[in-house]
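Everything on this sheet refers to the single structure shown next.
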Amino acid sequence: MTHRSVFWLALLIPLAPLSAERPAINDKRAPQGREDLEEIQRLYQQALPAARAATVCIELGEGSGSGVVVSEDGLIMTAAHVTGGVDREFTVRFEDGRKVKAKSLGLNSENDAALAQIVEEGSYPHVPIEKTDRTRLGDWVFALGHSGGFDKARGSVARLGRLVRTANSTYQSDCNLIGGDSGGPLFDLTGALIGIHSRVGARLPENMHVPTRVFLENWDAMQGGEFIGEGPFAQMPKKGKGFLGLLAEAHDGEGIRVKRVGRESPAEAAGIREGDILLEMNGQPLTSRDDLQALLEEMAPEDKATFELVRDGKRQTLSLKLGDRDA
Amino acid sequence: MPRLFLLALALATAPALKGSLSLDTEFRTAGPAVREAFDFVQPRLQESSAVFQRGRKELIFGTVVSRDGHILTKASEMESLDGVSVVIGAETYEDPKLLATDPSWDVALVKIEAENLVPVDLSMTELPPQGTWLIANGATERDKRRVQVGVMAAKAREVFAAGGTVLGISLKEEEGVLIVEEVTEDSGAEAAGLQAGDRLVRFDGKKIEDRESLLEDLKERRAGDKVPVTLQRGEETFEVEVELSGRVDVFGEETTRNDMMSGEYSPRRTGFPRVLQHDIMGNRYFMGGPVFDLDGNCVGMNIARFSRCETYAIPAADLRSLVERMISQAGS
């Protein structure tokens, strides 16, 4: 046992690059000529490859955003308005084109922070999170993100700038963001993650990021899949808004008979067909249309529904996630 | 086209930033205090960048490529050279002449009467790594060019014409034959003399099977390529050469939300054989000028403002062969 812990410790040492100190160049109000510029360039170029390797494109439904991997087993930090909810499945693309499946964990809908997890086992390139609160106004920073969506020939787009405004729950930089960058990482010159891209203001230089500090405040709750707050960056699925997309009627015998399945509905996507006899939903017996209605009224979009059904005399089980009635 | 995540929340951010600390504009990346640190590269901009203007209005920038007055600029931003003057350093030159254009790179070669200019050195064969500081011409003063700074931001690559290339015609299919229905104004098809009613037989020597196969062939071409097309008009069969254009350059494109937040981007912004990408702030009128590194080496020439955060430049090595080709074509 002792041997084993020593072994692990030895493995962990090279994985702790956070000891890098806050670069002194940040303490100058402006670079003084060539040497200072070269120092910024040197630090930036040193940090860029690892930052790039961990920056991902998030493809969720019809949307495209960005994110960054922060642990070897694939924990991702991104924006709440990118994942939009808890337990959503999506595809993650690394800069080299490699695709893996992931699912959203919790989020903070009040300040646009969200976590997600790659669900395929593996060892993923990742970046350290800045946890010492050493970031200051005027610091040199760089942004990465899949601006405008994934483009393998281009890679993610890098931008260098300064922190031009700091507030409790927001950083503002002059690294210009655009659609597709949301959820992407903002780094300091040591390559430590300091923020996640969130939104832009009306004027060109207003680019807002969620400081990593905000993530750390709710870390355990978010990792545990909690939906925090009531917006504006994400909306909690509302009870009674769950959408199944089928019409059923009573018939002679057990269960209810599917009369019609809506086009492109969750029911259709799950493979429910006209004529199927639904016996149970989530363990509750269905004896009339009203039974199904009453159960659905207690459910919200994205809730899971499991049906016991009979088709051609054979029993089977089908599961699906409810859609949104208002979508 | 996927929905691209990014919120524009001008109102919601105001209360969130209450009590915040703010950096004076002077010290921001594009501010004068930071730009001052780059002053040692400014002479390169001063000597080798050109400003095309009509009266006091700046039209576009240019890059000086010979001692005796050859200048490259962005072709699609050059309407007419009538009444246009060119400023290099503190000198003004009148009567610039258009010698040649290259549609695939969207570059024009212009000549002014001058001697002893300082051309950019296009000997750089390998692009500097990402993260390298770059300097280009920003807003100019009457006698002085002003540095604008950024960094190498993405991989160098070919940028294909958005939506592929087109001949500039609309087609109908009758009994397996493709017939020209309409010829689009200012297109390669119009210049080659195509007419409504012409039947298309061959494209680049290959028999045209149907509309889909023709579209497939057009997808892999470059804007500016000249392709032989065989036509039938009445009893006559003949061949013409049609210059291909980017789809959006002929038929326009829908404005996306990203475009709406990008200010004045370049109308011609896709379809380039090779570009480097940087994040120097600017707009469509900042294109055409040279881009330098901290050593004052010419890295390339700005060719398109693509979006709020993406600008393309033609790499020096490509520019070098382009200059040689265009000057020899122009025969002077």
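The values are calculated or read from the model by the stated rules, or taken from the named source; none is laboratory data. Quick caveat, the model's predicted, so the values are computed rather than measured. Note that each Cβ is placed from the backbone with ideal geometry, even for glycine, and that neighbours are counted across all protein chains shown. With ligands, DNA and RNA removed, areas are computed over all heavy atoms of the protein, side chains included. Shrake-Rupley method; radii C 1.70, N 1.55, O 1.52, S 1.80 Å.
Structure notes:
- The one condition in (1) farther than 16 Å from B:I60 by Cβ; (2) open to solvent by less than 10 Å² (accessible area, probe 1.4 Å); (3) among the β-branched types (V, I, T) that B:T311 fails to fulfil: (1)
- When the criteria are applied in full, A:L296 fails the requirement of being closer than 19 Å to A:E249 by Cβ, aliphatic (A, V, I, L, M) and over 28 Å from the mean Cα position of the chain (by Cα).
- The residue of segment B:17-39 that is surrounded by the most Cβ atoms within 10 Å (Cβ to Cβ), among those that are closer than 25 Å to B:V120 by Cβ and without any contact (Cβ under 8 Å) to a residue 60 or more places away in the chain, is B:A37.
- Restricting segment B:129-187 to residues that are farther than 30 Å from B:L214 by Cα and at pLDDT below 90, the residue that is farthest from the other protein chains (Cβ to nearest Cβ) is B:R142.
- Filtering segment A:168-197 to residues that are touching a His at 6+ places or on another chain (Cβ under 6 Å) and either facing chain B (nearest Cβ under 10 Å) or acidic (D, E) (or both) leaves A:Y171, A:L177, A:G180, A:D181, A:S182, A:G184, A:H197.
- Candidates are the residues of segment A:270-323 that are assigned to a loop (DSSP other than H, G, I, E, B) and of a type in the set (A, V, I, L, M, F, W, C); the one that is surrounded by the fewest Cβ atoms within 10 Å (Cβ to Cβ) is A:A300.
- Number of the exception - A:M222 against (1) among the hydrophobic types (A, V, I, L, M, F, W, C); (2) open to solvent by less than 70 Å² (accessible area, probe 1.4 Å); (3) over 28 Å from the mean Cα position of the chain (by Cα): (3)
- The lone exception for A:L216 - which of (1) assigned to a loop (DSSP other than H, G, I, E, B); (2) open to solvent by 10 Å² or more (accessible area, probe 1.4 Å) it fails: (1)
- First in segment A:71-97 and closer than 18 Å to A:A113 by Cα, second anywhere and basic (K, R) and modelled with pLDDT of 95 or more, Cβ under 8 Å, 6 or more apart: A:D87/A:K103; A:R88/A:K103; A:E89/A:K101; A:E89/A:K103; A:F90/A:K101; A:F90/A:K103; A:V92/A:K99; A:V92/A:K101
- Of the residues B:L59, B:L122, B:L117, the single one that is within 30 Å of B:E243 (Cα to Cα), touching an Asp or Glu at 6+ places or on another chain (Cβ under 8 Å) and of a type in the set (A, V, I, L, M, F, W, C) is B:L59.
- Lone unmet requirement of (1) more than 10 Å from chain B (Cβ to nearest Cβ); (2) at pLDDT below 95; (3) closer than 20 Å to A:G180 by Cα for A:A54: (2)
- Unique residue being within 18 Å of A:L186 (Cα to Cα) and within 10 Å of the chain's Cα centre (by Cα) when the list is A:V70, A:V82, A:V86: A:V82
- Considering the conditions (1) open to solvent by 40 Å² or more (accessible area, probe 1.4 Å); (2) part of a loop (DSSP other than H, G, I, E, B), A:R165 is excluded by exactly one of them, (2).
- Among the candidates A:E230, A:E206, A:E217, A:E226, residue that is touching a strand residue (DSSP E or B) at 6+ places or on another chain (Cβ under 9 Å), under 30 Å from A:T132 (Cα atoms) and modelled with pLDDT under 90: A:E206
- Screening the candidates B:G246, B:G289, B:G224 for the property of being more than 14 Å from every other protein chain (Cβ to nearest Cβ) and touching a Pro at 6+ places or on another chain (Cβ under 6 Å) yields one hit, B:G224.
- Number of the exception - A:D151 against (1) open to solvent by 40 Å² or more (accessible area, probe 1.4 Å); (2) in contact (Cβ under 8 Å) with a residue 12 or more places away in the chain; (3) under 19 Å from A:F94 (Cα atoms); (4) of a type outside the set (K, R): (2)
- Any chance A:P49 is part of a loop (DSSP other than H, G, I, E, B), facing chain B (nearest Cβ under 10 Å) and modelled with pLDDT of 95 or more: no
- Restricting B:A161, B:A100 to those that are not in a loop (DSSP other than H, G, I, E, B) and not basic (K, R) reduces the list to B:A100.
- Those residues of segment A:122-166 which are within 10 Å of chain B (Cβ to nearest Cβ), closer than 22 Å to B:A30 by Cα and among the hydroxyl-bearing types (S, T, Y), in sequence order: A:S147, A:T166
- Between B:V201, B:V227, the distinction of being within 24 Å of B:V107 (Cβ to Cβ) and part of a strand (DSSP E or B) belongs to B:V227 only.
- Lone unmet requirement of (1) open to solvent by less than 70 Å² (accessible area, probe 1.4 Å); (2) under 19 Å from A:K314 (Cα atoms); (3) modelled with pLDDT of 90 or more; (4) out of contact with any Gly (no Cβ under 6 Å at 6 or more places or on another chain) for A:V261: (2)
- Qualifying positions in segment A:58-82 - surrounded by 17 or more Cβ atoms within 10 Å (Cβ to Cβ) and more than 10 Å from chain B (Cβ to nearest Cβ): A:G67, A:V68, A:V69, A:V70, A:G74, A:L75, A:I76, A:M77, A:A80
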